[in-house]
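Here the structure is laid out as structure tokens; the discussion comes afterwards.
Nothing in this text is a laboratory measurement; each read-out follows from the coordinates by a stated rule. The model shown is predicted, which means the values in this text are computed figures rather than measured ones. Counting neighbours? That spans all protein chains shown, and the Cβs are built from the backbone with ideal geometry, glycine included.
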Amino acid sequence: MARVLLFGPLRDLAGWRERQIAAASVHELRATLASEDPELGAALGGKGVQVAVDQAVVRGDAALGPASEVAFLPPMSGG
Amino acid sequence: MSIRLTEAPFDPGALLTAFTSGRSETGAVATFTGIARAEAGRTAILELEAYPGFTEAEIGRIADQARARFGLHDLAILHRVGRIQPGEPIVFVATAAGHRRAAFEACDFLMDYLKSRAPFWKKEHGPDGERWIEPTAQDHADRERWG
């Protein structure tokens with residue numbers, strides 16, 4: 001089970017901030033989320049949305065372990 | 001070097017006192033304190049979200065750049081997260097260097113980064129509802145000055 005975190009406007013759109021979701025890869029996780037909530041699925045693939053696995057930004061797909069933390073990071077506001 | 005996030009209000013004067021104490025080779029300390037604006041009543045509360053661990057690490061990478069580029073002796077960054085009221089300090093940056101120019105410039109450099117690139121998500125709550133805020137064109141232009 002990956003620990004999935006949403007930030008900023010993505011959290012408001014989805015209506016949740018953190019969930020445990022079974023997925024073997026980022027790609028599979030995106031597909032699962034998109035099938036549950038197509039609007040969220042589209043937003044996660046939106047311009048400027050970055051993905052971090054275990055707090056490191058990844059590009060494209062990445063394998064997930066049983067204790068992986070996946071964060072979807074929309075464009076940052078700055079402080 | 002200290003990089004911290006806090007949900008609690010802070011006293012910039014106390015931070016400056018602590019930062020300057022015990023230094024004998026540092027000739028210059030520059031600081032910047034950012035304060036949440038009321039925007040003529042449009043902002044009742046500013047809500048700032050960070051990704052704990054990730055946000056400090058990303059700020060740390062730019063802090064390392066600043067230390068090398070400006071030859072800093074030390075620096076400190078404290079940033080509020082959570083709900084912030086107008087008039088409350090939201091960010092404190094202090095830089096220590098041998099001479100003033102490096103301290104001033106490093107402080108400016110760090111703030112330009114923090115305002116445009118740092119991993120925060122900022123929401124304004126006001127009488128007309130709430131809205132997410134993105135960096136302005138000016139914020140991006142300010143950061144680009146540094147190459």
- Task: Before anything else, pin down the relative contact order of chain B: Cα pairs under 8 Å, at least 6 apart, normalised by residue count, whole percent.
- Result: 33
- Query: Bin by bin, in steps of 10 Å, what percent of the Cα pairs in the protein assembly as shown do you find, going until the bin that has the longest distance?
  - Reply: 8, 29, 31, 21, 9, 1, 0
- Message: With N set to the number of residues, divide the alpha-carbon radius of gyration of the range B:1-51 by 2.2 N^0.38 Å and report two decimals.
- Response: 1.54
- Rounded to the nearest Å, what's the spacing between the alpha carbon centres of the range A:32-55 and the range B:1-65? Just the number, please. 31
- Note on the structure: Highest mean packing first, using Cβ neighbours within 10 angstrom, the peptides A:1-7, A:73-79, A:61-67 sort as A:73-79, A:1-7, A:61-67
- Item | Cα centroid separation, the range B:80-147 to the range A:1-28 (Å) | 28
- Only Cα pairs under 8 Å and at least 6 apart count here; give the relative contact order of chain A as a rounded whole percent. 40
- Jot down the radius of gyration and Dmax of the range B:91-147, Cα atoms only, both in angstrom. 14.5, 48
- Report, largest value first, the span of the C-alpha coordinates of the range A:2-73 along each principal axis, in whole Å. 26, 22, 18
- What the Cα atoms of the range B:19-94 span along the principal axes, largest first and in whole Å, is 45, 26, 20
- Query: Which three lengths, in whole Å and largest first, does chain B cover when its Cα atoms are put on their principal axes?
  - Reply: 51, 34, 30
- For the range B:2-144, the dipole about the Cα centre with charges only on Cβ (Lys and Arg +1, Asp and Glu -1), to the nearest 20 debye, works out at 260
